[in-house]
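These notes concern the structure reproduced below.
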Amino acid sequence: MEKAGRGGDSAPRGPVLHIVVVGFHHKKGCQVEFSYPPLIPGDGHDSHTLPEEWKYLPFLALPDGAHNYQEDTVFFHLPPRNGNGATVYGISCYRQIEAKALKVRQADVTRETVQKSVCVLSKLPLYGLLQAKLQLITHAYFEEKDFSQISILKELYEHMNSSLGGTSLEGSQVYLGLSPRDLVLHFRHKVLILFKLILLEKKVLFYISPVNKLVGALMTLLSLFPGMLEHGLSDCSQYRPRKSMSEDAGLHERNPPADDFASVSAPNISNTNSETAKKFMTRNHGGDVAIKTEEPLFQGAADSSKGQELSDANQYLKPPSRPSPESSESDWETLDPSILEDPALKETEQVGSGQTNSFPKESVPSESPPITVQPQANTGQVVLIPGLISGLEEDQYGMPLAIFTKGYLCLPYMALQQHHLLSDVTVRGFVAGATNILFRQQKHLSDAIVEVEEALIQIHDPELRKLLHPTTADLRFADYLVKHVTENRDDVFLDGTGWEGGDEWIRAQFAVYIHALLAATLQLDNEKMLSDYGTTFVTAWKSTHNYRVWNSNKHPALAEINPNHPFQGQYSVSDVKLRFSHSVQNSERGKKLGNVMVTTSRNVVQTGKAVGQSVGGALSSARTAMSSWLSTFTASTPQSLTEPPDGKP
């Protein structure tokens, strides 16, 4: 039954869960018109009913402003069904066709054009590979000019599940269609700033239209993180869809947002009172510990009437946004030992001592590693385990980093209906993409807005801008990438064919960079090493959840990694030029100065031409007058120089 709930089929045989067709109805808007297997077990293939967790599916598959384009492609992420399992990866191909071209025109087709998307919901993040297959089938489906012919969609489901498997994540198939080369050519030195921005787990919004450019840029950037696409996104869409407005109002009345979720830095918890903690709660970024609580955490076990609670109503630790009878590693909550000494928690333990285990102060030394707390579904008890566990499949270096976990979302495309997630207290951060201008206008809801078209990164906080200011070594690294990518750009035969400057080469450079950075943080006397990466940046990064999870586990393979920055070295004249060039290109003052210089040089050239013409005309007239005067003078000179008549000198 669980599999049926998650996949819509009693026995899913492969990575593809569903093939879905979404259409635009002139009265009902975006709706699911076909699904195979049915999204709801027992329903028909033409049922419009959606699982509660996937209520945004039609708006994601058929994006905002789709009518402005003949075709488009969307990558999106859905939360798992029933709170179990991993992220569901969606790939949608949109097209529109003139209604008069249809062979069979149904009664509800009242507009001049018909807009539909064919969508694949998969358990594997094979974006480019699924897109390539789906585009061909979508083209063929539209060429039929009869949307009741669904046999081709069923064949697509069978073909994908028979040809794709777990081994599809091995090799370069997962990177198909994602070009870091194009990303570096477009953003140039700013690629490294985007890379470090995500390491800090900030709220980052990408903006551009159409959607294929948006999701392409965002997912290509994530592909620069080792192992991220393959294994790092399984927990990246753990959110609950918004309830109706009336339910929301009642929920906010009973549970103020600040009391529902706290994202704070663990070392600071023991030193804050409940009032100070609320200030941290509302910020919900910059901390590494995500604590989902019910109100009894600070107010006693008074109100346990919230929807979707654990089997033990008084248990005050529960997985974020997805309580379920079967817990997984990704459900684990993480706490620092110092939280056990918090007086507010001690009070709570006394109140709920009949239902929960108390945590004796002397049982855990204050200097011990962080504690992982795993709720036990059947007993209602918690188990303390040293260290932090990401729940991700990691390699010998601890990659991928646990960035997209614990309420940090990755949403390549966000529909307008998901706008509330930007301010949701259960979301501590996000990397999201949007095409609707309303997202970009609400600047206070994000730390940075990336305007892809202009390759512009808008960072609102001056302190964050300082953290991300590239060091000299970072500028050398970025310049090294840009030079190698542009080296053979003019040759159509060599462009992108070599190893150096190619897509895999760029990913390898970023892997070397992040491995060296991690190795540098483990060194004893590492001030000089870390200064090459940015001392303030590294300090901020060490407080993030992903670094704390990584640092709480041993990675012996890093002992073989050179901890020095790949481009460390003494300053030179070229560094000064590089710094000046970067400042002019990226700072507001530099841009104004550059514009002034361009305008001034243009005016000087134009003025010079005008002055040259007027002065040249005057000189020409003067030259003519002088020539005539000289000719007269030279004509009279021989007579004056002749011998006098008397023959005297």
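If I go through region 519-557 residue by residue, how many of them are in contact with a Phe, Trp or Tyr (Cβ under 7 Å, 6 or more places away or on another chain) and either open to solvent by 40 Å² or more (accessible area, probe 1.4 Å) or in the same structural domain as L409 (by the TED database) (or both)?
So the count comes out to 0.
Could you tell me whether V174 is touching an Asp or Glu at 6+ places or on another chain (Cβ under 7 Å), within 24 Å of F225 (Cβ to Cβ) and among the β-branched types (V, I, T)?
Spelling it out, V174 is indeed touching an Asp or Glu at 6+ places or on another chain (Cβ under 7 Å), within 24 Å of F225 (Cβ to Cβ) and among the β-branched types (V, I, T).
Only one residue in Y141, Y157, Y89 is in a strand (DSSP E or B), touching a strand residue (DSSP E or B) at 6+ places or on another chain (Cβ under 8 Å) and of a type outside the set (A, V, I, L, M, F, W, C). Which one?
Y89
Considering only region 47-57, I want to know if a residue exists there that is in contact with a Cys (Cβ under 9 Å, 6 or more places away or on another chain) and part of a strand (DSSP E or B).
So far as region 47-57 goes, no, none of its residues is in contact with a Cys (Cβ under 9 Å, 6 or more places away or on another chain) and part of a strand (DSSP E or B).
Just for region 390-426: of the residues that are assigned to a loop (DSSP other than H, G, I, E, B), surrounded by fewer than 24 Cβ atoms within 10 Å (Cβ to Cβ) and hydrophobic (A, V, I, L, M, F, W, C), which one is modelled with the lowest pLDDT?
V425
So how many residues does region 26-37 have that are open to solvent by 20 Å² or more (accessible area, probe 1.4 Å) and either part of a loop (DSSP other than H, G, I, E, B) or touching a residue at least 40 places away in the same chain (Cβ under 8 Å) (or both)?
5
Just a yes or no: is a residue in region 15-25 modelled with pLDDT of 90 or more, among the small types (G, A, S), open to solvent by less than 10 Å² (accessible area, probe 1.4 Å) and touching an Asp or Glu at 6+ places or on another chain (Cβ under 9 Å)?
Checked region 15-25: at least one residue is modelled with pLDDT of 90 or more, among the small types (G, A, S), open to solvent by less than 10 Å² (accessible area, probe 1.4 Å) and touching an Asp or Glu at 6+ places or on another chain (Cβ under 9 Å).
The values are calculated or read from the model by the stated rules, or taken from the named source; none is laboratory data. Remember, predicted model here, so these are calculated numbers, not experimental data. All Cβ positions, glycine included, derive from the backbone under ideal geometry; neighbour counts span all protein chains shown. These area figures cover heavy atoms from the full protein model, side chains too; ligands, DNA and RNA do not enter into them. Shrake-Rupley method; radii C 1.70, N 1.55, O 1.52, S 1.80 Å.
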